[in-house]
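Trainee: Could you have a look at this structure, given as structure tokens, before my questions?
The values are calculated or read from the model by the stated rules, or taken from the named source; none is laboratory data. Model, not experiment: these values are computed from the prediction. Cβ coordinates were reconstructed from backbone atoms using ideal geometry, including for glycine residues, and neighbour counts include every protein chain displayed. The accessibility values were calculated without ligands, DNA or RNA, using every heavy atom of the protein model including side chains. Shrake-Rupley method; radii C 1.70, N 1.55, O 1.52, S 1.80 Å.
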Amino acid sequence: MRLVKKTLKWVALLILVLLLTANLAIIFTGRYYIYKGISATYFRGHIRPHIYDQDVFNNRDIPAGVAQPWQDSPYLAKMDLTSDERERIESLEPASFLVAYGDTVIYEEYWNEHDRSRTSNSFSMGKSVISLLIGVALDEGKIKSLDEPVANYLPEFEDEKKNITIRHLLTMCTGLSWSESYIHPFCDVAELYYDTDARDLSCNRRTIEEEPGINWRYKSGDTQVLTYVLEAATGQKVSDYASEKLWKPMGAESDAMWSLTGDENSTEKGYCCFYSTSRDFIRLGKLINNRGNWNGEQLVSASFVDEMCTIAPLIKSNGKPNNCYGYQYWIFTGLPYEVTYFRGMSGQYIISIPSKQLVIVRAGNGTEGNVVDTPPQDDAFENHYAELPFYIATGERLLEEYKKL
């Protein structure tokens, strides 16, 4: 008994020392946002941001207009996952899994508290929404060219950053410093997520580390800069522009919302935090499948969507050619037909397969991680997560089953 008490005493002392050390590190580095991060994650039983983080930040609504409801397949209740599919999907903390064929929802399932009306955080899928809105602004002439210097819109990019263009931001090849880790509290993206100095961090405090236009490095900071460009070019709040140009014309059934970088007058977190229902997320996938056209109305030019879905001619950090990223958008080359997708942390997906008129949506809190160490050892699988081919195969099997009914 004495040994147990002594051990507990030393454990408690060790924990106290660690807490004091961590507090001193936070105070001396001035990274007070870590307190908010801890309260929003560990104190809620999570180790990272959650799909229901909307109450952690201020948000701005993205109003819907006249709803254009999806057709529900008459066989919706008959469709089911195989036991193997269900086991793998449910091992990854799912919130929803939906499959749409054209204008028809052919499979739909929700888990735990999620349902048709519940919105969830798309995390980095928001990057692709920003890209679409840049395309709209380009079509309207509010942005004259993707090769315009960012300095034309943001004074912070004058002088040593004057050669960085909007295209460099779109393809994440600015050459600007940035640390991207979703579990390291002292990295740039953690500060961007929890602190309120987003503009200073993403525009002012970054330095040029390499020549722009050569190397692709995934950087949420580049997307946040792009968000400020969009705001400056349009003269509108990004959420208002998204509502006017995308959400209302696409007939969304529910208002979406975007988390803000600070108070209610601040700018949207463009690199993440676009909240929507899973059913309305399908609309973004359909828009990609139809090259920017929505039921006869061209919301984004086909030429821009084509470029968005085209691999940018850049070099990855491992020295290999980029084969997975376009304009803030993921491209999977592991199949003999086109597959592109929106992707967000913890396994948020909107997968588009134009040749099959197929859209697959998945929301939740788990992912299997990078497939690079998993057979087959194929460059096409680098930088993609292991569950991606599985979600595609599941959606395709459900489509084939639907066609037989």
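Trainee: For ILE143, are the conditions met, namely being modelled with pLDDT under 95 and either assigned to a loop (DSSP other than H, G, I, E, B) or open to solvent by 40 Å² or more (accessible area, probe 1.4 Å) (or both)? Outline the logic, then answer.
Mentor: On the way: modelled with pLDDT under 95: no; either assigned to a loop (DSSP other than H, G, I, E, B) or open to solvent by 40 Å² or more (accessible area, probe 1.4 Å) (or both): yes.
Taking the combined requirement at face value, the residue does not satisfy it.
Trainee: Follow-up. So which residues in region 341-392 are closer than 21 Å to GLU87 by Cβ, assigned to a strand (DSSP E or B) and either open to solvent by 20 Å² or more (accessible area, probe 1.4 Å) or modelled with pLDDT under 95 (or both), if there are any at all?
Mentor: Hit for region 341-392 is TYR385, nothing else.
Trainee: Still on this structure, I have one more. Do the conditions hold for ASP280, that is, is it open to solvent by 10 Å² or more (accessible area, probe 1.4 Å) and not basic (Lys, Arg)? Talk me through it step by step, then tell me what you get.
Mentor: Details: open to solvent by 10 Å² or more (accessible area, probe 1.4 Å): no; not basic (Lys, Arg): yes.
So ASP280 does not fit the description; no.
Trainee: Restricting to region 157-179, name every residue that is in contact (Cβ under 8 Å) with a residue 12 or more places away in the chain and either in a helix (DSSP H, G or I) or open to solvent by 40 Å² or more (accessible area, probe 1.4 Å) (or both). Walk me through how you get there before you give the answer.
Mentor: Taking region 157-179 and keeping what is in contact (Cβ under 8 Å) with a residue 12 or more places away in the chain, we get 157, 160-178.
Correct list: PHE157, GLU160, LYS161, LYS162, ASN163, ILE166, ARG167, HIS168, LEU169, LEU170.
Trainee: Would you confirm whether any residue within region 274-286 is in contact with a Pro (Cβ under 6 Å, 6 or more places away or on another chain), over 26 Å from VAL56 (Cβ atoms) and not aromatic (Phe, Trp, Tyr)? Write out each step before concluding.
Mentor: Going residue by residue through region 274-286, those that are in contact with a Pro (Cβ under 6 Å, 6 or more places away or on another chain) are none.
Taking every residue of region 274-286 in turn, none turns out to be in contact with a Pro (Cβ under 6 Å, 6 or more places away or on another chain), over 26 Å from VAL56 (Cβ atoms) and not aromatic (Phe, Trp, Tyr).
Trainee: Out of the residues in region 46-93 meeting the condition of being of a type in the set (Gly, Ala, Ser) and within 21 Å of GLY364 (Cβ to Cβ), tell me which one is surrounded by the fewest Cβ atoms within 10 Å (Cβ to Cβ). Spell out how you get there, then give the answer.
Mentor: Just the residues of region 46-93 that are of a type in the set (Gly, Ala, Ser), to begin with: 64-65, 67, 73, 77, 83, 91.
Among the residues that remain, those that are also within 21 Å of GLY364 (Cβ to Cβ) are: 83, 91.
On the way: SER83: 8, SER91: 11.
Across region 46-93, the extreme among qualifying residues is SER83.
Trainee: With ILE15, ILE38, ILE27 as the choices, which residue is at pLDDT 55 or above, surrounded by 10 or more Cβ atoms within 10 Å (Cβ to Cβ) and assigned to a helix (DSSP H, G or I)?
Mentor: Working: ILE15 fails: at pLDDT 55 or above; ILE27 fails: at pLDDT 55 or above.
Sole residue among the options that is at pLDDT 55 or above, surrounded by 10 or more Cβ atoms within 10 Å (Cβ to Cβ) and assigned to a helix (DSSP H, G or I): ILE38.
Trainee: Report every pair of residues separated by at least 6 positions or lying on different chains whose Cβ atoms are under 8 Å apart, first residue within region 288-301 and on the phi > 0 side of the Ramachandran plot, second in a loop (DSSP other than H, G, I, E, B) and crowded, with 22+ Cβ neighbours inside 10 Å.
Mentor: Here the result reads GLY292/VAL300, each pair linking region 288-301 to a residue that is in a loop (DSSP other than H, G, I, E, B) and crowded, with 22+ Cβ neighbours inside 10 Å.
Trainee: Does SER131 satisfy the condition of being out of contact with any His (no Cβ under 9 Å at 6 or more places or on another chain), at pLDDT 95 or above and more than 15 Å from GLU231 (Cα to Cα)? First the steps, then the outcome.
Mentor: Details: out of contact with any His (no Cβ under 9 Å at 6 or more places or on another chain): yes; at pLDDT 95 or above: yes; more than 15 Å from GLU231 (Cα to Cα): no.
So SER131 fails the test.
Trainee: Any idea which residue in region 180-225 is surrounded by the fewest Cβ atoms within 10 Å (Cβ to Cβ), counting only those that are touching a His at 6+ places or on another chain (Cβ under 8 Å) and in a loop (DSSP other than H, G, I, E, B)?
Mentor: GLY213
Trainee: State whether the residues of region 315-325 include one that is among the hydroxyl-bearing types (Ser, Thr, Tyr) and over 20 Å from the mean Cα position of the chain (by Cα). Step through it out loud before you land on a result.
Mentor: Residues of region 315-325 that are among the hydroxyl-bearing types (Ser, Thr, Tyr), as a first pass: 317, 325.
When the remaining residues are screened for being over 20 Å from the mean Cα position of the chain (by Cα), the result is 317.
Yes, some residue in region 315-325 is among the hydroxyl-bearing types (Ser, Thr, Tyr) and over 20 Å from the mean Cα position of the chain (by Cα).
Trainee: Could you tell me whether ILE315 is within 30 Å of GLU191 (Cα to Cα), at pLDDT 95 or above and surrounded by fewer than 23 Cβ atoms within 10 Å (Cβ to Cβ)? Quick ask: steps written out before the conclusion?
Mentor: Numbers: within 30 Å of GLU191 (Cα to Cα): yes; at pLDDT 95 or above: yes; surrounded by fewer than 23 Cβ atoms within 10 Å (Cβ to Cβ): yes.
Taking the combined requirement at face value, the residue satisfies it.
Trainee: Check every one of the helices (runs of 4 or more DSSP H) wholly within region 231-326 and list those with 2 or more residues that are touching a strand residue (DSSP E or B) at 6+ places or on another chain (Cβ under 7 Å).
Mentor: Details: elements: 238-242, 278-289, 302-308.
Result: 238-242, 278-289.
Trainee: Further, regarding this structure: Give the residue, chosen from GLY135, GLY126, GLY141, that is without any contact (Cβ under 8 Å) to a residue 24 or more places away in the chain and under 30 Å from PRO212 (Cα atoms). Spell out how you get there, then give the answer.
Mentor: Values: GLY135 fails: without any contact (Cβ under 8 Å) to a residue 24 or more places away in the chain; GLY126 fails: without any contact (Cβ under 8 Å) to a residue 24 or more places away in the chain.
Going through GLY135, GLY126, GLY141 in turn, the sole match is GLY141.
Trainee: Still on this structure, please answer the following. Given the options SER120, SER96, name the one that is open to solvent by less than 50 Å² (accessible area, probe 1.4 Å), modelled with pLDDT of 95 or more, out of contact with any His (no Cβ under 6 Å at 6 or more places or on another chain) and closer than 25 Å to SER239 by Cβ. Spell out the reasoning first.
Mentor: Details: SER96 fails: out of contact with any His (no Cβ under 6 Å at 6 or more places or on another chain).
SER120 is the lone residue from the list that is open to solvent by less than 50 Å² (accessible area, probe 1.4 Å), modelled with pLDDT of 95 or more, out of contact with any His (no Cβ under 6 Å at 6 or more places or on another chain) and closer than 25 Å to SER239 by Cβ.
Trainee: If you don't mind, there's one more thing I want to ask. Taking region 87-104 as the region of interest, how many residues are more than 13 Å from GLU387 (Cα to Cα) and outside any strand (DSSP E or B)?
Mentor: Residues that pass the stated criteria total 2.
Trainee: Any residue in region 246-262 that is β-branched (Val, Ile, Thr) sitting within a Cβ distance under 8 Å of a residue that is open to solvent by 10 Å² or more (accessible area, probe 1.4 Å) and in a loop (DSSP other than H, G, I, E, B)? List the pairs, counting only those 6 or more apart or interchain.
Mentor: Listed pairs, sorted by first residue: THR261/THR196; THR261/THR267.
Trainee: Would you mind stating whether SER220 is within 18 Å of GLY65 (Cα to Cα) and either more than 21 Å from the chain's Cα centre (by Cα) or among the polar types (S, T, N, Q) (or both)?
Mentor: Details: within 18 Å of GLY65 (Cα to Cα): no; either more than 21 Å from the chain's Cα centre (by Cα) or among the polar types (S, T, N, Q) (or both): yes.
It is false that SER220 is within 18 Å of GLY65 (Cα to Cα) and either more than 21 Å from the chain's Cα centre (by Cα) or among the polar types (S, T, N, Q) (or both).
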